[in-house]
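Structure, as structure tokens:
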Amino acid sequence: MINEKMRALGAKRSVIRELFEYGKKRKAEIGEENVYDFSLGNPSVPSPEAVNESLVKLLNEENPVRLHGYTSAQGDATVRAAIADYINSTYGESITADCLYMSVGAAAALTSSLTAIVNPGEEVILPAPYFPEYKVFIERCGGAVKEVMCDEDLQLDVAAIEAAISEKTAAIIINSPNNPTGAVYSKENIAELADALRRCEEKYSHPIYLISDEPYRELVYDEIEVPYLTKYYDDTIVCYSYSKSLSIPGERIGYVLVCPRCADFTAIYQAVCGAGRALGFVCAPSLLQKLIPFCLGKTSDISIYDRNRRLLIDKLGEYGFEMIKPQGAFYLFIKSPSGDANEFCERAKKHEILIVPSDDFGCPGYARLAYCVTTEQIERALPAFAALAESYKETKK
């Protein structure tokens, strides 16, 4: 006997991963330079120098037994203290090391947090568009998904969220800067959400947790500010990853932060630790944990992403495509000229352009383009995008 739900997940990849694997096969057939793969959010910008320099320093100077040995289950205390100090000085918080649980990237942070607070049959609100794996994580712990579309400006539709909350609601997950749109929720929008959640907590007499998924926090443009959620709402759990800011997605290192003012803080933190234990996520990679204090506040050169963003907005706009101008992350959300996301992406494939249909993001009619690629790839792809746009003009004739 096997778990059929798990078998089904293993038998069929996510739409993003399926497209990525198709791209690898296609590159082997016609040459890598002839395939314009914008499917996966895999950073192309090198890590800051501090990453490699610090790894070399650790490997050369640290006691190898301590360096590669187990840390505490929730993570090395010195590392957690350094992260807490950075958060306090950067965002005006007052957390301690004992608010943090080191995790194997954002996915482990999210699954541990959801397992900690969601009981079977309870609901989790997902403002759409959203990252598709959220549904997998929620359903794995027996929760039910409730989708609520964002407004036309891609800000949270707080009235609709409040209407969707019920006595079964355990949490809401928000992601800003957003994957797949690049939208950043404003301070006013977050404050309005926090007020609504407090009203609902009072109405239903139980906490409603705000889970903030933050792998793109530092990737913002035009001096946009990303509000720090614990400053607005006490019942907040932050799930953070260094994958995007430091360009180390394959290293899988991040953390869970439980706000110290969270209702039943001790119980929630213990539940996160217990979930990590049950899921086998204790002791995030020791070497990567010990790297983090050397790299706090550092990022890869995001000006390259900004250049890619501006180039695509300008050129695709010239070709007649409609899109949402991203404020952060490294994704462009393009409107399907036919209104059908899957048709758009299949037609793009004929021009060797790989973009992801929006249906799995909870929003029909768009495609996600990940512009965390080389600028050279974008420049090589522009004639293909022009031909794709022209093909829709021909269809209308």
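The numbers here are math on the coordinates, done by the rules we state, and not lab data. Being a predicted model, the structure only gives us computed values, none of them experimental. Positions of Cβ are generated from backbone atoms using ideal geometry, with glycine treated the same way; all protein chains shown enter the neighbour counts.
A few points about this structure:
- Sorted peptide list for 112-125, 199-212, criterion being average Cβ within 10 angstrom, highest first: 112-125, 199-212
- Pairwise Cα inverse-distance average, inverted: Kirkwood Rh of segment 49-295 (Å): 18.4
- DSSP-defined antiparallel bridges as percent of all bridges, the chain, nearest 5: 50
- In segment 307-353, trypsin sites (Lys or Arg not before Pro) in a DSSP loop with at most 13 other beta-carbon atoms within 10 Å: Lys350
- Qualifying GluC sites (Glu not before Pro) for segment 231-323 [loop in DSSP, other Cβ within 10 Å: at most 13]: Glu322
- Taking a straight line from the alpha carbon of Lys24, these aspartates and glutamates sit under 17 Å away, with near neighbours fewer than eight places off in the same chain left out: Glu32, Glu33, Asp37, Glu346, Glu352.
- In range of the label at Ala263: residues from segment 229-247 whose backbone nitrogen is under 15 Å from the point 7 Å along Cα→Cβ: 233-237
- Candidate lysines - alpha carbon under 19 Å from Lys298, same-chain residues fewer than 8 apart omitted: Lys57, Lys244, Lys290
- Efficiency of FRET from Cβ geometry, Thr374 and Asn60, R₀ 35 Å, rounded to 0.05: 0.65
- Computed extension gain for Tyr70 through Glu152, at 0.36 nm per residue and net of the alpha carbon distance, reaches 24.7 nm.
- Helix axis angle, 286-295 relative to the chain longest principal axis, alpha carbon, degrees: 80
- Square roots of five times the Cα gyration tensor eigenvalues for segment 269-381, Å: 35, 21, 12
- Extension gain, Glu352 to Leu382: 0.36 nm times the residue separation minus the Cα-Cα distance gives 9.7 nm.
- Build a GNM of the chain with springs between Cα atoms under 10 Å apart, and of Asn52, Asn189, Asn175 the one that fluctuates most is Asn52.
- Using only the C-alpha atoms, the convex hull of segment 121-194 corresponds to 76 Å³ per residue.
- Reach of Lys5 by Cα under 18 Å, taken over lysines that are not fewer than 8 positions away in the same chain: Lys135
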